[in-house]
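All remarks here apply to the structure that follows.
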Amino acid sequence: MIRLSDWARDLLMSRGALVEDEGHSEGEGVVRALVPPEVSAKLAVSDWLSLDFGARGGADDPAEWMERLSALLPPSPTVAGARLRMRAPTGRIDADAILNRELVVQNGVWRLVEDFAASLPYFLFSFQYTVESDERTIGYAGVCLNGAARSFAEQPERLLRSVRDDLENDPAFTVPATELRTLYPTAARAAETDVRARIAFIEQSANRRLARDCERMESYYSGMLAQLEKRATRRTAEPQAAEKDRSRIEATKLDHAAKLEDLVRKYSLRVQLELTDVLVISLPVRTISVRLIRKKEERQVTLAWNAILRALDTPLCEGCAGRARPLYLCDKAGAKMHLLCAACWSPCPACARVFCRACQSRCKCGAANSGRSGLSGGAFA
């Protein structure tokens, strides 16, 4: 997850502000900058801007400043290309040791073919999420995809911080529209998963308050209904009065149901995920070619060892486009043998038969829920 202070610092610098070096700030989460007149006018601040997003008393409200700083963003997502000023080739690595440590194939084996230095494009997608409930929460999530190797670079915020000072505009950059359309759904799903985990505490808090208020309401209405029913029982000899009591009981039940719906609506989380920008960077990698073997079948694939993060990128699952770590192999022959995550190579809940979700959407037994459950996107817009 991208730190708000990093996002604010980068945004201000992109608009011509002179930002104080992070190492000289008074603490984590502090941003100090001398901003141009047009920026100060948009933010309604003086030329000197000081923000504190730390977990301290008197800190600035993150939601308020994220909304104010958003006025500096362009109306549509920006796609920018950058390159490293110093593009030294990646030195030799111990590919066997890296694969032994970081490539986990649960139902097969791998064999190293070769490794060589290369430069591959990485796509850093930035998303803004807004959680609307009885309170409003705004945050940012980042996803980094290796466009050539079709893999995830973990810790995108660390990657960006590591190369930020060495970046320069790439004059030869053209927007890779086709590749962006291909990668965007994968990035959006990954961001959604990240945001769901990040807002779990908000959901838990909302559920606790909902349960508390429902309990109070149940106690109130159950007592009221008990009194009305007791009075109706006493007045059975008076048909007109008894009918009026029954009408009151029905009206009270309807009011109870309506109030419960209002409570559920009040504490429901509505999450909006919006792409803000994409940064395309060509980074040095060590390309590692391996043969993946399962039973009598095998497939040669290309993996990437990121020289900045000094870690192997995580392959994409070919069933759900999620993270395939640990990696599973399906039973298809040759190049059609799919790379899968645990969820896409798992037993059918109806017949317990393991099958590949990339080869078939449901089990041959016909069970309706035998496919990968996936993420429910109902709360996300």
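Computed from the coordinates by the stated procedures, all read-outs in this text should not be read as laboratory data. In this text the structure is predicted, and so the values were computed from the model without any measurement. Quick reminder, even Gly has a Cβ in these numbers, built from the backbone with ideal geometry, and neighbours come from all protein chains shown.
Using every pair of distinct Cα positions in the chain, the Kirkwood expression returns a hydrodynamic radius of 25.1 angstrom. Using +1 at the Cβ of each Lys and Arg and -1 at the Cβ of each Asp and Glu in the chain, identify which of Val163, Ala324, Ile138 lies farthest towards the dipole's positive end. So the residue we want is Ala324.
Only Cα sites of the stretch 202-268 enter the Debye sum here, all with the same form factor; the resulting log10 I(q)/I(0) across q = 0.12, 0.21, 0.23, 0.27 1/Å is -0.41, -0.82, -0.90, -1.08, listed in q order. What separates the Cα centres of the stretch 101-158 and the stretch 312-368 is a distance of 20 Å.
If a paramagnetic tag sat 7 Å from the Cα of Lys259 along the Cα-Cβ line, which residues of the stretch 221-253 would have the backbone N under 16 Å from that point? Counting only backbone N, you get 221-229, 248-253. Note on Arg310 and Thr193: the extension gain reaches 39.7 nm, defined as 0.36 nm multiplied by sequence separation minus the Cα-Cα distance. Unpaired Cys in the chain, meaning no second Cys C-beta under 4.7 Å: Cys144, Cys214, Cys320, Cys344. Ordering Leu263, Leu339 by the number of other Cβ atoms within 10 Å of each residue's own Cβ, fewest first, gives Leu263, Leu339. Compactness check for the stretch 1-73: Cα Rg over 2.2 N^0.38 Å is 1.01.
Taking 24 Å as the straight-line reach from the Cα of Lys296, the lysines in range (excluding those fewer than 8 positions away in the same chain) are Lys332, Lys336, Lys364. Loop-resident GluC sites (Glu not before Pro) (DSSP state other than H, G, I, E or B) in the stretch 124-183 with no more than 15 further Cβ atoms inside 10 Å of their Cβ: Glu135. Under 19 Å from a point placed 7 Å out from the Cα of Ala333 along the Cα-to-Cβ direction: which residues of the stretch 270-298 have their backbone N that close? In the stretch 270-298, the label zone of Ala333 (backbone N under 19 Å from the point 7 Å along Cα→Cβ) covers 292-298.
Calculation over all alpha carbon pairs of the stretch 265-305 in 5 angstrom steps from 0 returns a P(r) of 5, 13, 10, 11, 9, 10, 9, 11, 10, 7, 4, 0 percent. Around the Cα centre of the stretch 91-166, unit charges on the Cβ atoms of Lys, Arg, Asp and Glu (plus for the first two, minus for the last two) sum to a dipole of about 180 debye. Maximal additional length on extending the Arg136-Glu238 stretch stands at 31.4 nm, based on 0.36 nm per residue less the C-alpha distance. Only Cα pairs under 8 Å and at least 6 apart count here; give the relative contact order of the chain as a rounded whole percent. Value for the chain: 20 percent.
Could you grab the relative contact order for the stretch 202-268? Cα pairs under 8 Å, six or more apart, rounded to a whole percent. Normalised by residue count, the contact order of the stretch 202-268 is 45 percent.
Here the dipole of the chain is about 2000 debye; that uses its Cα centre as origin and unit charges on the Cβ of Lys and Arg (positive) and Asp and Glu (negative).
Only one residue of Ala343, Leu254, Ser282 has its Cα farthest out toward the positive end of the dipole of the chain, where Lys and Arg carry +1 and Asp and Glu -1 on Cβ, and that residue is Ala343. With all projection directions averaged, the alpha carbon convex hull of the stretch 78-121 covers 5.4 nm².
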